[in-house]
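The structure appears right after this line, and notes come after that.
The values are calculated or read from the model by the stated rules, or taken from the named source; none is laboratory data. Predicted model, so just to flag it, every value in this text is computed and none were measured. A quick note on method: Cβ atoms are made from the backbone with ideal geometry, for glycine too, and the neighbour counts reach across all protein chains shown. Side chains included, ligands, DNA and RNA excluded: accessible areas come from the protein's heavy atoms. Shrake-Rupley method; radii C 1.70, N 1.55, O 1.52, S 1.80 Å.
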Amino acid sequence: VTADVGDVQTDGNSASDTLFVDLAPVLTKEFTDDPVAAGDSVKLEFTVKNTSTTSSLSDISFVDELTTFLPYPVSAKLPADGFCGAGAKMQLISFGTDMQGLGVTGGSLDASGSCAFSVSIDIPEGMAGGIFTNTTSAITALLDEESAVIGASATDDLVIVAAPRLVKEFIDDPVEAGGTATLRFLISHQPEAPAGASDIAFSDDLESTGIVGLAAIGLSAADVCGTGSSVSGTDTVSLTGGTLAPGESCTIDVTVQVPAAVLPGSYTNTANPLTATVAGLETAGSAASADLLIGGLALTKEFTDDPVIPGDTVTLEFTLTNVTTNVD
């Protein structure tokens, strides 16, 4: 180092230090076949390299938590033992409440050696799409079975493509037998979706409520969820040709005629899972349900203490319920 001290140029000392470089293993990872649709499986491939040209590695270990982006429990197909040396094993391990991941232990590599192995991970149906960053722990090993060495963690992004979300509701029940109800479908495509959704479709069998004769009236209708889409049907309501950009939604109201002979009570109606094409992948969402409340006076009966033998008595209990919420 040099400096001017007053008017005199002065030379100082030189400085040095020794840099020690650990011959640590190098771990990399890659989701090799994403984007993946919810309901399908994705391949996660790991590669481990020994950077030493003279020393072997043993007891190679690392952990990769999967519940940072997947719901618990995780479903995965693991490689057979011995995938990175004779003692290498991979297990699904738990980290506590609702936390799970991959644990790799017992790996070994010769000098300058490498190994690659993969696991198939199931992506649950109905899972929300998005870009999920997955990072392992640091990788550890023994160099020449003596010196502990630690390598860096490995990271990759997983792209999951999901169908738009379908929810439904009878918005003006309770209704009287013989009246009409409005069944509202709301379809939304999440803002984080990597691409727009096309060919959006679903069907809803109205008689799945158990009400024979429950039917939509006033259909069909065009351009209800994007240009070219249509909704039609009577006892079964069907949507075809829907399109939504990321962050968009559409609402479809269907008028439903309630048969005059239906008894008061609550009736559950379930639509089939919505399907769509997103980023070139066929996707399917979860089924959507809603309860239709038919107002009026409901009567139920029950023999409360049977079985009974001849000569004894039995209690018959009647229950009257006003199902209508706003009228005495």
Original post:
Got a number for residues in segment 133-166 being in a strand (DSSP E or B), of a type outside the set (Gly, Ala, Ser) and open to solvent by 50 Å² or more (accessible area, probe 1.4 Å)?
Top reply: 8
Original post:
Does Asp291 satisfy the criteria of being at negative phi, of a type in the set (D, E, K, R) and assigned to a loop (DSSP other than H, G, I, E, B)?
Top reply: no
**OP:** Mind telling me which of the residues Leu186, Leu239 ends up being in contact (Cβ under 8 Å) with a residue 40 or more places away in the chain, open to solvent by less than 40 Å² (accessible area, probe 1.4 Å) and in a strand (DSSP E or B)?
**Re:** Leu239
**OP:** Taking Gly103 as the residue in question, decide whether it is assigned to a strand (DSSP E or B) and under 26 Å from Ser55 (Cβ atoms).
**Re:** yes
Subject >> Criterion (loosely packed, with under 15 Cβ neighbours inside 10 Å, in contact with a Pro (Cβ under 6 Å, 6 or more places away or on another chain) and in contact (Cβ under 8 Å) with a residue 40 or more places away in the chain) met by exactly one of Gly247, Gly210, Gly178 >> reply: Gly247
**OP:** Select, from Leu219, Leu320, the only residue that is aliphatic (A, V, I, L, M), part of a loop (DSSP other than H, G, I, E, B) and in contact with a strand residue (DSSP E or B) (Cβ under 9 Å, 6 or more places away or on another chain).
**Re:** Leu219
Subject >> Filtered residue count, segment 281-313, keeping only those that are more than 19 Å from Phe185 (Cβ to Cβ) and either of a type in the set (Lys, Arg) or surrounded by 10 or more Cβ atoms within 10 Å (Cβ to Cβ) (or both) >> reply: 15
**OP:** Look through segment 112-137, keep the residues that are at pLDDT 95 or above and of a type outside the set (Ser, Thr, Tyr), and return whichever of them is nearest to Thr51 (Cα to Cα).
**Re:** Gly113
Original post:
Can you spot a residue in segment 58-74 that is at pLDDT below 95, open to solvent by 60 Å² or more (accessible area, probe 1.4 Å), more than 30 Å from Ala276 (Cα to Cα) and under 25 Å from the mean Cα position of the chain (by Cα)?
Top reply: no
Subject >> Any hit, segment 278-287, residues being part of a strand (DSSP E or B) and modelled with pLDDT of 95 or more >> reply: no
Original post:
Do we have Leu27 as under 25 Å from the mean Cα position of the chain (by Cα), part of a strand (DSSP E or B) and within 20 Å of Thr105 (Cα to Cα) here?
Top reply: no
Original post:
(1) in a strand (DSSP E or B); (2) touching an Asp or Glu at 6+ places or on another chain (Cβ under 8 Å): which one isn't true of Glu207, the others all being true?
Top reply: (1)
**OP:** Would you check if Thr10 is of a type in the set (Ser, Thr, Tyr), without any contact (Cβ under 8 Å) to a residue 60 or more places away in the chain, more than 30 Å from Ala163 (Cβ to Cβ) and not in a strand (DSSP E or B)?
**Re:** no
Original post:
Got a sec? Which of Ala80, Ala88 is open to solvent by less than 30 Å² (accessible area, probe 1.4 Å) and more than 19 Å from the chain's Cα centre (by Cα)?
Top reply: Ala88
